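One structure below.
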Amino acid sequence: MTLPNYRIIVDLSQRMMYLLDNNIVTRGFPVGIGTMLTVSPAGEYTIINKQPNPGGPFGAFWMGLSKPHYGIHGTNNPASIGHRVSHGCIRMYNEDVLALSRIVPIGTRVTIRE
């Protein structure tokens, strides 16, 4: 039996996040992304911490990225998903971020692409 080899790709143009296991897409999630003035930063990162119930606009869960002050998180405004609304973070429906947080460990690679 092989261990899962998870990674995440965030496609900013599609406003979608994809969970891959051994480079095969296993799930897709709609996301909210940064505004034109506070764009989500393209690049390669890793998940460095996880925090349930961070409060405020971060919804039900926070997963911090290796780029300081950026993360993948839930929302207190579900209508914002699919839009350019955040200060650069990747915003998910609360049920989606909770499901994802149960699957991916700290250290998971995250690629954010245009």
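Backbone amide hydrogens, once placed in the peptide plane, bring Arg27 within less than 5 Å of Leu19, excluding anything fewer than 5 places away on its chain.
Annotation: amide H of Lys50 within the under-5 Å range of Gly64, sequence separation 5 or more or interchain, hydrogens built in the peptide plane. Solvent-accessible area per residue in the chain equals 53 Å², computed with a 1.4 angstrom probe and all protein chains kept.
Here the range 23-95 exposes an accessible surface that is 58 percent carbon and sulfur, computed with a 1.4 Å probe and the other protein chains kept in place. Across the range 52-114, the relative contact order, built from alpha-carbon pairs under 8 Å that are at least six residues apart, equals 27 percent. Using θ = phi - 60° in the Karplus curve 6.51 cos²θ - 1.76 cosθ + 1.60, the 3J(HN,Hα) couplings for the range 81-90 round to 5, x, 10, 8, 9, 8, 8, x, 6, 9 Hz; x is entered for Gly and Pro. Rounded to the nearest 500, the 222 nm mean residue ellipticity of the chain from helices alone is -2500 deg cm²/dmol, with -39,500 (n - 2.57) taken per DSSP H run of at least 4 residues.
The values are calculated or read from the model by the stated rules, or taken from the named source; none is laboratory data. Note that the coordinates shown come from a computational prediction; the quantities given were computed from them, not determined experimentally. Only protein heavy atoms, including side chains, enter the accessible area calculation; ligands, DNA and RNA are left aside. Shrake-Rupley method; radii C 1.70, N 1.55, O 1.52, S 1.80 Å.
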